[in-house]
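Everything on this sheet refers to the single structure shown next.
The values are calculated or read from the model by the stated rules, or taken from the named source; none is laboratory data. Keep in mind that what you see is a predicted model, and the values were worked out from it rather than measured. Positions of Cβ are generated from backbone atoms using ideal geometry, with glycine treated the same way; all protein chains shown enter the neighbour counts. These accessible areas exclude ligands, DNA and RNA; they are computed on the full protein's heavy atoms, side chains included. Shrake-Rupley method; radii C 1.70, N 1.55, O 1.52, S 1.80 Å.
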Amino acid sequence: MTYVPFVTTGQHRSANVIVMCDHAANTVPPSVANGDLGLPAADMNRHIAYDIGAAGVSRHLGELLDAPVVCSNFSRLVIDPNRGEDDPTLLMRLYDGSLIPANRHADEAELNRRLNLCYHPYHAELARLIGERDKPAIISVHSFTPQLNGRPPRPWHIGILSNDDRRLSDPLLESLQSHSDIVTGDNVPYTGYLEGDTMDKHALPQNLLHTLIEVRNDLIAEESGQIKWAERLAPLIKTAISKATA
């Protein structure tokens, strides 16, 4: 079977919205280090390899929003699609205490090979779907670990990441913060100001409404949690889009 670095579902759905998941999978393509980065299975199944639960939330959100969904089909440790091509963390050699053996001696030729195998086709698919619609709203779904090694616990259930264009993020934050049982953070646990990331590459140049949603991964590790949070988020996203386009 031919390897494909992305999975697109619902591409003919009618909403003028696109859901994307940059870190959907922990897949290592067969042609990269023979399909094995040299890490134990325990590491490949934790947050360093992919965003746990984010793909499921994305798929359910797509159904609820009637929107297409694009998920990556390669581990962020193979190459990170949410980084610029000149970002030093594009190909990680050490992440949250784990050395990645197959990446330790990866040279520029190997980096370029992975760009052409995974990174460029994934972004081309996003560009294709965006180009088929009339300035769609972009919803990017990620997840974060409750605690990094040696760091304090992260109290948030959800973080909304944005840059200077907060047209969609602000009404979404307002809706989330009105729910007392949801601990919501603004540009936490990461910042939305990341030059060369997916939003910088696709949304900002075209002035598209966009937001990046980070869900704490212990809440969505199982499908029941993925469905629950998609069902909570979908109406809030619809409301936020309506407010941003009013």
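Of all residues in the stretch 189-246, which are open to solvent by less than 60 Å² (accessible area, probe 1.4 Å) and of a type in the set (Lys, Arg)?
216
Please state which of the following conditions residue 83 fails to meet, knowing it meets all the rest: (1) open to solvent by 20 Å² or more (accessible area, probe 1.4 Å); (2) out of contact with any Leu (no Cβ under 6 Å at 6 or more places or on another chain); (3) not hydroxyl-bearing (Ser, Thr, Tyr).
Residue 83 satisfies every listed condition except (2).
Considering the stretch 191-209 alone, what residues qualify as being touching a strand residue (DSSP E or B) at 6+ places or on another chain (Cβ under 6 Å) and closer than 20 Å to residue 156 by Cβ?
Passing the criteria: 192, 199.
Against the condition surrounded by 11 or more Cβ atoms within 10 Å (Cβ to Cβ) and either over 24 Å from residue 203 (Cβ atoms) or among the hydrophobic types (A, V, I, L, M, F, W, C) (or both), how does residue 124 come out, does it pass?
yes
If I filter the stretch 4-27 for residues that are at pLDDT below 95, over 21 Å from residue 229 (Cα atoms) and surrounded by fewer than 23 Cβ atoms within 10 Å (Cβ to Cβ), do I get at least one hit?
No: zero hits.
Would you check which residues across the stretch 129-156 are in a loop (DSSP other than H, G, I, E, B) and either polar (S, T, N, Q) or within 16 Å of the chain's Cα centre (by Cα) (or both) and list them?
Result: 145, 147, 149.
State all residues of the stretch 89-122 that are within 14 Å of residue 75 (Cα to Cα) and not hydrophobic (A, V, I, L, M, F, W, C); if no residue qualifies, say none.
Selection gives 89, 93, 95, 103, 114, 119, 122.
Go over the candidates 34, 16 one by one and state the one that is out of contact with any strand residue (DSSP E or B) (no Cβ under 6 Å at 6 or more places or on another chain) and either of a type in the set (D, E, K, R) or more than 26 Å from residue 132 (Cβ to Cβ) (or both).
34 is the lone residue from the list that is out of contact with any strand residue (DSSP E or B) (no Cβ under 6 Å at 6 or more places or on another chain) and either of a type in the set (D, E, K, R) or more than 26 Å from residue 132 (Cβ to Cβ) (or both).
If you take the residues of the stretch 158-183 that are part of a loop (DSSP other than H, G, I, E, B) and buried (at least 20 other Cβ atoms within 10 Å of the Cβ), which of them is nearest to the chain's Cα centre (by Cα)?
So, considering only residues that are part of a loop (DSSP other than H, G, I, E, B) and buried (at least 20 other Cβ atoms within 10 Å of the Cβ), the one nearest to the chain's Cα centre (by Cα) is 162.
Return the pair list, or none, for Cβ contacts closer than 6 Å from residues in the stretch 1-20 that are touching a residue at least 24 places away in the same chain (Cβ under 8 Å) and over 17 Å from residue 137 (Cβ atoms) to residues that are open to solvent by 50 Å² or more (accessible area, probe 1.4 Å) and acidic (Asp, Glu), at least 6 apart or on different chains.
Hits for this filter: zero, empty list.
How many residues does the stretch 210-234 hold that are over 14 Å from residue 143 (Cα atoms) and in contact with a Pro (Cβ under 6 Å, 6 or more places away or on another chain)?
Residues flagged as over 14 Å from residue 143 (Cα atoms) and in contact with a Pro (Cβ under 6 Å, 6 or more places away or on another chain) within the stretch 210-234 amount to 0.
Residue-by-condition table, conditions (1) among the charged types (D, E, K, R); (2) on the phi < 0 side of the Ramachandran plot:
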| residue | (1), (2) |
| --- | --- |
| 183 | no, yes |
| 186 | yes, yes |
| 190 | no, yes |
| 196 | no, no |
| 203 | no, yes |
| 218 | yes, yes |
| 221 | no, yes |
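Please give the number of the condition residue 105 fails out of (1) out of contact with any strand residue (DSSP E or B) (no Cβ under 8 Å at 6 or more places or on another chain); (2) at pLDDT 95 or above.
Evaluating residue 105 over (1) out of contact with any strand residue (DSSP E or B) (no Cβ under 8 Å at 6 or more places or on another chain); (2) at pLDDT 95 or above leaves (2) as the failure.
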